[in-house]
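Step one of this worksheet: look at the structure below.
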Amino acid sequence: MKKNIKYIILLFVFVLILAACGKKGSSDKVSESSPASDKKSSSDSNGSDSASDTENAKPTVVPIEEKELPDEESSTEDTENSDIDIDDPRIDEILSKLSKEEKIYQLFIVTPEQLAGVNIVTRAGGMTKTSFNNKPVGGLIYFAKNFENAAQIKEMTKNMQAYSEARIGLPIFLGIDEEGGTVSRVVESGRVAVTNVGNMSDIGATGDANKAYEAGNIIGKYLNELGFNLDFAPVADVLTNAENQSLKLRSFGSDANLVSDMCVSFAKALNENKIIACYKHFPGLGAAKEDTHQEMAVIDKKLDELKATELKPFEAAVNNGAQFIMVGHVTLPNVTKEDVPASLSSEVIDILRKDYSYDGIVLTDSLSMKAVTDKYGADTSAMMAFKAGADMILLPADFQKAYTGLLNAVNNGEISEERLNQSVKRILKIKLAMKDEE
């Protein structure tokens, strides 16, 4: 009898031990793709960011729970010709799952350094991953300093796409200024063996739009191979002021029809290589003498004069399915009632929206340029641009300040959530098309 009791007690203890082990195992089980595990990770198998400084402040927004997106059918259409409608139910479904903070972060295209809070980034490792999980921006823009070699660039862009897919279920815009000639970040780096197609002024001088297509095709092929998906090109400025040194080599020329044909051909080649073309700098900087990088630029022409020349390439861009148009910082005193740069003017952006029925993304030129920063703070310029009708903000002088300015404006009702959703839907539309192509 005692022997039986002893066995019963041992069996009972053994059952208790098994139960305890099972409970402990289930509590440690965490999904590898969960935001909690992503946020805690400070490094990963892909390496860490190459930087001399670390972030000085903790992120202000905690990443919210990741959500599953609806299944999507694949498409073989070019990005430029995507038939995804702005009222596609998938867009509303994704939009409904984004927090207000996430929507605002989607409005920004910043450098990887602005995202991670460091001096130089040449890797998309643990630091970038954590920063992106906290601040899921709509896009990144890269410069020559970010490049070491082709393999490094491919790994960096591949990792960023993986982080974006895990965080919001959609691609991230990975952009670059690769116009050809004097403004070509990959060529400028000297780290990758690619062809320099030369200045657009030389291509324009041939009068042959096929040459522009060939240049766009060369650039598009190597950008695609390196992992980029957005090129801030072509330059659609008509060079009507011979004193304009900043655009002398970058513009296709002084004939509006020629510039239109060249830009459309260049953009077509980019799109065929799955690179989105961003026409710039609406409403045209070619008549100005000043460089908006350094100071305020003024064009005294009236609207009908602009439509006869400067605006023609942008009209052609819209008619040929442009998805991105960058608005510059030129001031137009005979067009607008307010003395503000075009990028901050609803009257100028309305020309695109109303006169040319453009419903793609309106992107500001860099808000770090002196034409803007000499007069406006980062929060004010971002809010003015968005209220004027811009969808995305490029390179604010102070990313966190610009973000906070927009967030405060939405919170206090100065910017309606309906207006916020309008721009985010345009962004989601293009990203869904990109995802469908994968």
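Taking segment 238-254, which residues are of a type in the set (Gly, Ala, Ser) and either closer than 30 Å to Asp436 by Cα or modelled with pLDDT of 95 or more (or both)?
Answer for segment 238-254, where residues must be of a type in the set (Gly, Ala, Ser) and either closer than 30 Å to Asp436 by Cα or modelled with pLDDT of 95 or more (or both): Ser251, Gly253, Ser254.
Would you be able to say whether some residue in segment 135-151 is in a helix (DSSP H, G or I), within 16 Å of the chain's Cα centre (by Cα) and among the hydroxyl-bearing types (Ser, Thr, Tyr)?
So far as segment 135-151 goes, no, none of its residues is in a helix (DSSP H, G or I), within 16 Å of the chain's Cα centre (by Cα) and among the hydroxyl-bearing types (Ser, Thr, Tyr).
When segment 357-396 is examined, which residues are found to be on the phi < 0 side of the Ramachandran plot, surrounded by fewer than 20 Cβ atoms within 10 Å (Cβ to Cβ) and assigned to a loop (DSSP other than H, G, I, E, B)?
Asp359, Ser368, Asp374, Lys375, Tyr376, Gly377
Okay, residues lined up against (1) touching a residue at least 40 places away in the same chain (Cβ under 8 Å); (2) in contact with a strand residue (DSSP E or B) (Cβ under 7 Å, 6 or more places away or on another chain); (3) among the hydrophobic types (A, V, I, L, M, F, W, C):
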position: Asn320; (1), (2), (3): yes, no, no
position: Ser357; (1), (2), (3): no, no, no
position: Asp365; (1), (2), (3): yes, yes, no
position: Leu395; (1), (2), (3): yes, yes, yes
position: Gln400; (1), (2), (3): yes, no, no
position: Glu414; (1), (2), (3): no, no, no
position: Leu432; (1), (2), (3): yes, no, yes
position: Lys435; (1), (2), (3): yes, no, no
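If you scan segment 187-218, which residues turn out to be of a type in the set (A, V, I, L, M) and out of contact with any helix residue (DSSP H, G or I) (no Cβ under 7 Å at 6 or more places or on another chain)?
Result: Val187, Ala193, Met200, Ala205, Ile218.
Which residue out of Leu332, Leu344 is touching a Ser or Thr at 6+ places or on another chain (Cβ under 9 Å), more than 17 Å from Asp237 (Cα to Cα) and hydrophobic (A, V, I, L, M, F, W, C)?
Leu344
Would you point out the residue of segment 255-314, among those that are of a type in the set (Lys, Arg) and more than 13 Å from Val335 (Cβ to Cβ), that is modelled with the lowest pLDDT?
Here the answer is Lys289.
Suppose the filter is under 16 Å from the mean Cα position of the chain (by Cα) and assigned to a helix (DSSP H, G or I); does Arg426 pass it?
So Arg426 fits the description; yes.
Sort through Ser246, Ser254 and tell me the only one that's assigned to a loop (DSSP other than H, G, I, E, B), in contact with an Asp or Glu (Cβ under 7 Å, 6 or more places away or on another chain) and either charged (D, E, K, R) or touching a residue at least 12 places away in the same chain (Cβ under 8 Å) (or both).
Among Ser246, Ser254, only Ser246 is assigned to a loop (DSSP other than H, G, I, E, B), in contact with an Asp or Glu (Cβ under 7 Å, 6 or more places away or on another chain) and either charged (D, E, K, R) or touching a residue at least 12 places away in the same chain (Cβ under 8 Å) (or both).
Give the residues of segment 265-287 that are among the aliphatic types (A, V, I, L, M), outside any strand (DSSP E or B) and touching a Phe, Trp or Tyr at 6+ places or on another chain (Cβ under 9 Å), sorted by residue number.
Ala267, Ala269, Ile275
One line per residue, one yes/no per condition, for (1) of a type in the set (A, V, I, L, M, F, W, C); (2) buried (at least 20 other Cβ atoms within 10 Å of the Cβ); (3) under 29 Å from Leu174 (Cα atoms):
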{"residue": "Val259", "(1), (2), (3)": "yes, yes, yes"}
{"residue": "Val264", "(1), (2), (3)": "yes, yes, yes"}
{"residue": "Glu272", "(1), (2), (3)": "no, no, yes"}
{"residue": "Pro283", "(1), (2), (3)": "no, yes, yes"}
{"residue": "Val298", "(1), (2), (3)": "yes, no, no"}
{"residue": "Leu303", "(1), (2), (3)": "yes, no, no"}
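Working only within segment 181-209, note down all residues that are touching a strand residue (DSSP E or B) at 6+ places or on another chain (Cβ under 9 Å) and either charged (D, E, K, R) or outside any loop (DSSP other than H, G, I, E, B) (or both).
Those that are touching a strand residue (DSSP E or B) at 6+ places or on another chain (Cβ under 9 Å) and either charged (D, E, K, R) or outside any loop (DSSP other than H, G, I, E, B) (or both): Val183, Ser184, Arg185, Val186, Val187, Met200, Ile203.
List every residue pair whose Cβ atoms sit under 9 Å apart, with the two residues 6 or more apart in sequence or on different chains, where the first one lies in segment 163-189 and is without any contact (Cβ under 8 Å) to a residue 60 or more places away in the chain and of a type in the set (Val, Ile, Thr) and the second, anywhere, is surrounded by fewer than 22 Cβ atoms within 10 Å (Cβ to Cβ) and part of a loop (DSSP other than H, G, I, E, B).
Listed pairs, sorted by first residue: Ile176/Phe143; Val186/Phe147; Val186/Val192; Val186/Val194; Val187/Gly181; Val187/Val194; Val187/Thr195; Val187/Asn196.
It is to be established whether one or more residues within segment 334-352 are modelled with pLDDT under 95 and not in a loop (DSSP other than H, G, I, E, B).
No, because not a single residue in segment 334-352 is modelled with pLDDT under 95 and not in a loop (DSSP other than H, G, I, E, B).
Residue-by-condition table, conditions (1) over 25 Å from Ala402 (Cα atoms); (2) surrounded by fewer than 23 Cβ atoms within 10 Å (Cβ to Cβ):
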position: Ile94; (1), (2): no, yes
position: Ser99; (1), (2): no, yes
position: Leu115; (1), (2): no, no
position: Thr128; (1), (2): no, no
position: Lys145; (1), (2): no, yes
position: Asn149; (1), (2): yes, yes
position: Met156; (1), (2): yes, no
position: Ala162; (1), (2): yes, yes
position: Ile176; (1), (2): no, no
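So is Glu290 in contact with a Phe, Trp or Tyr (Cβ under 6 Å, 6 or more places away or on another chain), among the charged types (D, E, K, R) and surrounded by fewer than 24 Cβ atoms within 10 Å (Cβ to Cβ) or not?
no
The values are calculated or read from the model by the stated rules, or taken from the named source; none is laboratory data. A quick note: this is a predicted structure, and the numbers were derived from the prediction, not measured. Every residue, glycine among them, receives a Cβ derived from its backbone with ideal geometry; neighbour counts consider all protein chains shown.
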